[in-house]
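What follows is a short report on a single structure.
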């Protein structure tokens, strides 16, 4: 008999529809997350990341216990190859978090948005290189248009748009490895957070002892917001990992438009970031590329849905 009969419905859905809902919900939360991170502009981005990691672990460990998956988590320590993969994904997600929060709180939400618009096309490239997926003609044109958009952005900025490219590739590779890793979403995410929590907790203790820690220095409201980073961090990542393992990588790329669209609207309408003419050209090319990519995905979905006509005798 299960000692922990409580089961979370979010952990159970195994159909493509359930996967799509989980992944779509994750991207919606990410698209609106700049509103949350902007509240913490007084806290250094690196310290925000440390709090994200530690408080996320405090949230995830009880969830693992309640879901009856403690044994699965412990069993990972006996799987060196899986631990190595999760160490890699831990590093990737930490880098992604740091660059993203720094970009949002430094006034580069548009560049962050561009990075996550590029990410679906990065997924296409990764799927072709590592999963044996073939690049169709439309997808080829989409990748070429995205490359042209990045080139124009480079000319406009006078330098490579490293924020956009770093966000796109770090999260794309993270999603690829997590899709290939045979580990349940909640257990894998908890192990990733546990791996990161060892250095994170040590650094936070050092900052506190040195009198330079943010926790307790900016008021109770800031402390609560730092604790709340656990929900903003762990919930969408968990939803993404659940969804990504149940739907095609291409479908993940399609749903991913939700996040950068939210960021783009916030950057223009809420944060009033300037949009130079060449930047509109860049976004126009990326949107056109995503339109071609979407049309290709829809065409393939209709093909798969068509019943095979029976042969005549």
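General remarks:
- From helices alone, the chain scores -25000 deg cm²/dmol at 222 nm; the rule is -39500 (n - 2.57) for each run of n ≥ 4 DSSP H residues, then divide by the residue total.
- Of the residues 261, 33, the one with the fewest other Cβ atoms within 10 Å heads the list, and the complete ranking is 261, 33.
- Summary of packing: across the peptides 55-65, 229-239, the per-residue average of other C-beta atoms within 10 Å ranks them, highest first, as 229-239, 55-65.
- In terms of surrounding Cβ atoms within a 10 Å radius of their Cβ, 174, 293, 36 rank from fewest to most as 36, 174, 293.
- For the chain, averaging the sequence separation of C-alpha pairs within contact (under 8 Å, six or more residues apart) and dividing by the residue count gives a relative contact order of 39 percent.
- Under a Gaussian network description of the chain, with springs only between Cα atoms under 10 Å, the residue in 97, 141, 30 that fluctuates furthest is 141.
- The stretch 104-261 - Rg and Dmax from Cα coordinates, angstrom: 18.7, 58
- Counting only the Cα atoms, the stretch 78-119 fills a convex hull of 54 Å³ per residue.
- Max mean-square fluctuation residue, GNM over the chain, Cα-Cα springs under 10 Å, options 21, 207, 73: 207
- Binned Cα-Cα distances of the chain, short to long, each 10 Å bin given as a whole percent: 6, 25, 32, 24, 10, 2, 1, 0, 0
- For the stretch 27-165, the fraction of C-alpha pairs more than 26 angstrom apart is 44%.
Values quoted throughout were computed directly from the atomic coordinates according to the rules given, and no laboratory measurement underlies them. These numbers come from a predicted model, not from an experiment. Quick reminder, even Gly has a Cβ in these numbers, built from the backbone with ideal geometry, and neighbours come from all protein chains shown.
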